[in-house]
Every structure is written in C-alpha cells, then in structure tokens.
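Worksheet for the structure shown next.
The values are calculated or read from the model by the stated rules, or taken from the named source; none is laboratory data. Treat the numbers as computed from the prediction; the structure is a model and nothing was measured. Every residue, glycine among them, receives a Cβ derived from its backbone with ideal geometry; neighbour counts consider all protein chains shown. The accessibility values were calculated without ligands, DNA or RNA, using every heavy atom of the protein model including side chains. Shrake-Rupley method; radii C 1.70, N 1.55, O 1.52, S 1.80 Å.
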Amino acid sequence: DVDVCRAMAAATLGDAEKVKYVPLNAQQRFTALQSGEVDVLSRNTTFTLTRDASLGMNLTAVTYYDGQGFMVPVKSKIKSAKQLKGQTVCVQSGTTTEKNLTDFSKASGLNIKPVVFEKLEAAENAYFTGRCIAYTTDASGLASTRNKVAKNPADHIILPELISKEPLGPMVRRGDDEWFAIAKWTIYGLLEAEEYGITQANVDALKATSKDPVVQRILGTSEDTGKLLGLNKDWMANAIKATGNYGEIFERNVGPKSALGLPRGVNNQWNKGGLMYAYPVR
Ligand SMILES: N[C@@H](CCC(=O)N[C@@H](CS)C(=O)NCC(=O)O)C(=O)O
C-alpha cells in the first residue's frame, strides 16, 4: 500500500518521498477520503458495490487479491473453519471481515459468536490473551499479525479455508477524475512493467536502448502517454525507478522471502496463471 503511494508520487511529482501518510483505522478511512483529509485511500481496502456506489469513491485497480481467513492457537487442535461451531471469534468493526463472518456462520450453520473491536490492537490483544478461540481478517493481515504480534508465531496456525473474496486496492474521491486516471494507470504501468521485464535495476538501460514498442511506450521514449494524464513523459520511468515493478514491490513487502512470507498465488501475472492483467499503457 505504501509503495503504491510512492509510485503515484514519483509518477505525478517526480519524487516518491512527496507523500504525507495519515494512519487511519477501519472506521475512519472512508470519511477521511470523502472529506479530503486524504486524496487516496491505500490501506488493505476491499472493493465492494456499497463502497463504490454509496460512499462517494472510485475504485482504481486491484493491487492484491486476498481472501478472509482464520487464525487459531495450535493447541486448540482446530484444523478447519468448519470446527468453529459455537466458538468466539475476534474481529475488527467497520470491515468487510465483520460482515463475512456473519455470512459464513449463517451459511454454514455454525452459530459463531463474534467479539467485535473498533481498534486492531484491541482485537489482536483479545485473541492473544484467550478472549476468543479464533481471530479473523484478510489472510495477508493474519500473516502480518502472526509475524508481528504473536510471542511465538509457530504457536498459531492459519486455517486452510478462505471464506470470502477481498480484492484490495486504492480508492480515490468521486469527481477527482484526473487523479483517478493517474492512480489507475500508475498501477497498470507497474503491472505492465513486470510483464515486459522492466525493473528498478534495468529501467535506465532500457530507456536508452530498448527497441520494444511496449517498453518504449511505458518508458516514454516513443509516444508521450504522460501528456494524456497531465504528467511528464517519464512518469512511469520515475515510478519504476522509485519502487520497482509490481513483482518487485510484491517480493519486497509480502513475498515468500519477506517477513510475511506470502506466496504469489493468484496475484501472479495473467500469463503465469494469476489474475493480474494490466490494461495496456498505450
Ligand atoms: N479488507 C477489509 C479489512 C481491512 C481492515 O481494515 N483490516 C484490519 C485488520 S488487518 C486493519 O487493517 N486494521 C488496521 C487498523 O485499524 O489500524 C476491508 O476493507 O474492510
């Protein structure tokens, strides 16, 4: 989420450091975007119809396809979400998580008892002190909580079931159309850069020598796509220089070798069995 903001700043202002970060909890995030306190909401936020149609925002492009899961203590012996019948589950309010938990409980006849907290730290703390038998959020969030908050991560397992679709990505305000286009196309640009092998390390060399028309367009050495967005010719070259392409951002922040250790899975490129399919930068 942070690297996507840095890429947008580099594309727009030529400087990835020109971002002011405003920490927001699940409840506050939408009003902060509506009121103009922030210009882009990049914070593990799921695209849904309600958020699109009634909260005055526009969904840019998916940066991470996630799904909701559960974490339980190994010593609970629970191996499947279907074994949560009548159990307490800690969850944060103002999230799709809270709603999906109710749906899952109803659909599977599990009579789960949600224990709801407004603050993330409170929900995590309640789980780790044994107030609930399980903790639920997006699978990426579970990996983060287990890695960052658990005293001994190996004492907790993430159950195999994912109970929802959580397409996560940045949102912008309705009516902010030029910015909407920039935000969207920066993401597609990072994805297409990966698809065509443009990296943080080779972007300058490719800018000087590449004869591939797609690479040339992305790097602004043939057509000027930046102009159409009100940006400089090298908008995408600047973004890639700042953060690397989508795959590099993924590996560094959440990939198998990072602290979170998440597999690339469905977030791989469309031609490698994944769902990431950038609209063409042209
Ligand atoms: N993707 C879901 C859940 C996102 C969410 O807010 N998750 C929590 C738990 S990982 C979170 O990030 N909390 C951070 C905070 O409130 O400071 C949504 O958009 O509603």
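Scanning the range 215-230 for residues that are open to solvent by 20 Å² or more (accessible area, probe 1.4 Å) and under 25 Å from the mean Cα position of the chain (by Cα) returns a single hit, Leu229.
Condition (residue is in a helix (DSSP H, G or I), over 20 Å from the mean Cα position of the chain (by Cα) and among the β-branched types (Val, Ile, Thr)) applied to the range 234-248: is it met by at least one residue? No; the residues of the range 234-248 include none that is in a helix (DSSP H, G or I), over 20 Å from the mean Cα position of the chain (by Cα) and among the β-branched types (Val, Ile, Thr). Inspection of the range 183-206 finds no residue satisfying the criterion of being farther than 30 Å from Val72 by Cα, among the basic types (Lys, Arg) and over 16 Å from the mean Cα position of the chain (by Cα).
Check the range 59-71 and report whether any residue there is in contact (Cβ under 8 Å) with a residue 40 or more places away in the chain and in contact with a His (Cβ under 9 Å, 6 or more places away or on another chain). Within the range 59-71 (the criterion being in contact (Cβ under 8 Å) with a residue 40 or more places away in the chain and in contact with a His (Cβ under 9 Å, 6 or more places away or on another chain)), the answer is yes, since at least one residue qualifies. The helices (runs of 4 or more DSSP H) found wholly in the range 114-203 and carrying at least 3 residues that are within 16 Å of the ligand (Cβ to nearest atom) and open to solvent by less than 20 Å² (accessible area, probe 1.4 Å) occupy 120-128, 139-148.
Within the range 17-37, the set of residues being under 15 Å from Asp1 (Cβ atoms), more than 14 Å from the ligand (Cβ to nearest atom) and surrounded by 12 or more Cβ atoms within 10 Å (Cβ to Cβ) comprises Val19 only.
Exactly one residue out of Thr48, Thr60 is of a type outside the set (Gly, Ala, Ser), within 16 Å of the ligand (Cβ to nearest atom), under 27 Å from Pro263 (Cβ atoms) and surrounded by fewer than 18 Cβ atoms within 10 Å (Cβ to Cβ), and it is Thr48. Assuming Tyr65 fulfils every condition listed in (1) open to solvent by 50 Å² or more (accessible area, probe 1.4 Å); (2) of a type in the set (Ser, Thr, Tyr); (3) more than 16 Å from the ligand (Cβ to nearest atom) apart from one, which condition is it? Among (1) open to solvent by 50 Å² or more (accessible area, probe 1.4 Å); (2) of a type in the set (Ser, Thr, Tyr); (3) more than 16 Å from the ligand (Cβ to nearest atom), the lone unmet condition for Tyr65 is (3).
How many residues are over 21 Å from the mean Cα position of the chain (by Cα) and outside any helix (DSSP H, G or I) if we restrict to the range 77-113? So the count comes out to 17. Where residues in the range 83-113 are open to solvent by less than 20 Å² (accessible area, probe 1.4 Å) and away from the ligand (no atom under 16 Å from the Cβ), which of them is nearest to Leu168 (Cα to Cα)? Taking the candidates together, the pick is Ser105.
One residue stands out among those in the range 204-214 that are of a type outside the set (S, T, N, Q) and open to solvent by less than 50 Å² (accessible area, probe 1.4 Å): the one that is nearest to Thr136 (Cα to Cα), which is Val214.
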